[in-house]
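Data block below; observations after.
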Amino acid sequence: MRRKMVVGNWKMNGSIATNKVLLDGLVAGVHGYDNSDYVVCVPYPYLCQAQQLLQDTNVAWGGQNLCSTKNGALTGAVAPHMLTDYGCTHVLIGHSERRSQFHETDDTAAARFLAAQQAGITPIFCMGETAEERESDWTDYIVGRQLDSLIRRFGANVLDNAVLAYEPLWAVGTGKPATPEQAQEVHAFIRDRIAKLDYEVAASVRILYGGSVTGANAEQLFEMPDIDGGLIGRASLKAEDFVPICRAAHATATRCLATAKP
Ligand code: PGA
């Protein structure tokens, strides 16, 4: 059975002082919730603080991007080993804000994805369509193309140690989440497309939903059969908002485990 997972994406937010309050509250809030996984993806300067406050807890930490090159004359870039130096286990790849505001493409996202895996970091690969694309009925085409940039190029096995995230752009940061049924439909499409290449990988890979998830809607989303948790932006910035989402994952996982028992 796939473990539920909740990932906080702080984006360009935080300070030493506010991070401490948030992380202390998060650690206390998810203590003992051991049937699901929790991760925070923080701005690079705060990786050291995350490492200090989260080591020996059940919350992992990661970066929001990395460079696909190991070392060199690349001003402003951060290499994969720099993330592992600070204990990162996860990294976001191909987030829509990177694609739309920093001109990242399917090709560069694929290269970063591979570089993360080669460094032993689990990539969380983001996909999603714009409002116009959805209105034109292009959702499957766009998400399929983004997924294919990995699985057609590297084979479905590349998802063995990876997490996928469906984040429709019209739901990210808008306060207008996809309905559980809308999200489920795309998650099932993603899983089916992988299953055409490798059934086992499709059955085991975790697919998170992201886009205006809150404590009020998380449980209904996480209960859908192909939604394995959430990638959370705004609601990950305060423990009082983020912990209820983690609790929703824990509660859903607890129910799934109970019904799975003979
Ligand atoms: P949101 O962001 O939860 O603020 O919509 C999600 C994301 O961008 O990962």
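Points worth noting:
- Index of the failed condition, Q182 passing every other in (1) within 29 Å of L22 (Cβ to Cβ); (2) within 16 Å of the ligand (Cβ to nearest atom): (1)
- Cβ-Cβ distances below 7 Å connect the following pairs, each with a first residue in the range 211-237 that is closer than 19 Å to A162 by Cα and within 14 Å of the ligand (Cβ to nearest atom), a second residue that is among the acidic types (D, E) and assigned to a loop (DSSP other than H, G, I, E, B), and a separation of six or more residues or different chains: L231/E167.
- Checked across the range 188-208, the condition of being touching a strand residue (DSSP E or B) at 6+ places or on another chain (Cβ under 6 Å), closer than 28 Å to L26 by Cβ and within 12 Å of the ligand (Cβ to nearest atom) holds for at least one residue.
- Which numbered condition S68 misses (of (1) more than 16 Å from the ligand (Cβ to nearest atom); (2) among the hydroxyl-bearing types (S, T, Y); (3) under 29 Å from P177 (Cβ atoms)): (3)
- Residue match in the range 238-251 (condition: crowded, with 21+ Cβ neighbours inside 10 Å, within 15 Å of the ligand (Cβ to nearest atom), among the small types (G, A, S) and within 30 Å of A111 (Cα to Cα)): no
- Subset of the range 238-262 (residues that are assigned to a helix (DSSP H, G or I), modelled with pLDDT under 95 and of a type outside the set (S, T, Y)): R255, C256, L257, A258, A260
- Top-ranked residue of the range 96-107 - restricted to ones that are touching a helix residue (DSSP H, G or I) at 6+ places or on another chain (Cβ under 9 Å) and touching a residue at least 40 places away in the same chain (Cβ under 8 Å), ranked as farthest from the ligand (Cβ to nearest atom): D107
- Close contacts from the range 53-76, counting a first residue that is closer than 29 Å to S236 by Cα and a second that is part of a loop (DSSP other than H, G, I, E, B) and among the polar types (S, T, N, Q), with Cβ to Cβ under 7 Å and a gap of 6+ residues or different chains, come to A60/T89; G62/T89.
- For A235: the one exception among (1) more than 15 Å from the chain's Cα centre (by Cα); (2) assigned to a helix (DSSP H, G or I): (1)
- Residue tally, condition farther than 23 Å from C41 by Cα and in a loop (DSSP other than H, G, I, E, B), over the range 198-225: 4
- From G120, G87, G62, G128, residue being in contact with a Cys (Cβ under 8 Å, 6 or more places away or on another chain) and either under 22 Å from S36 (Cα atoms) or modelled with pLDDT of 95 or more (or both): G62
- For the range 173-197, the set of residues classified as assigned to a loop (DSSP other than H, G, I, E, B) and of a type in the set (K, R) consists of K176, K196, listed by residue number.
- All strands (runs of 3 or more DSSP E) inside the range 1-116 with 3 or more residues being surrounded by fewer than 23 Cβ atoms within 10 Å (Cβ to Cβ) and among the polar types (S, T, N, Q): none
The values are calculated or read from the model by the stated rules, or taken from the named source; none is laboratory data. Note that the structure is predicted; figures quoted are calculated from it, not measured. FYI the Cβ positions are ideal-geometry reconstructions off the backbone, even for glycines, and counts take in every protein chain you see.
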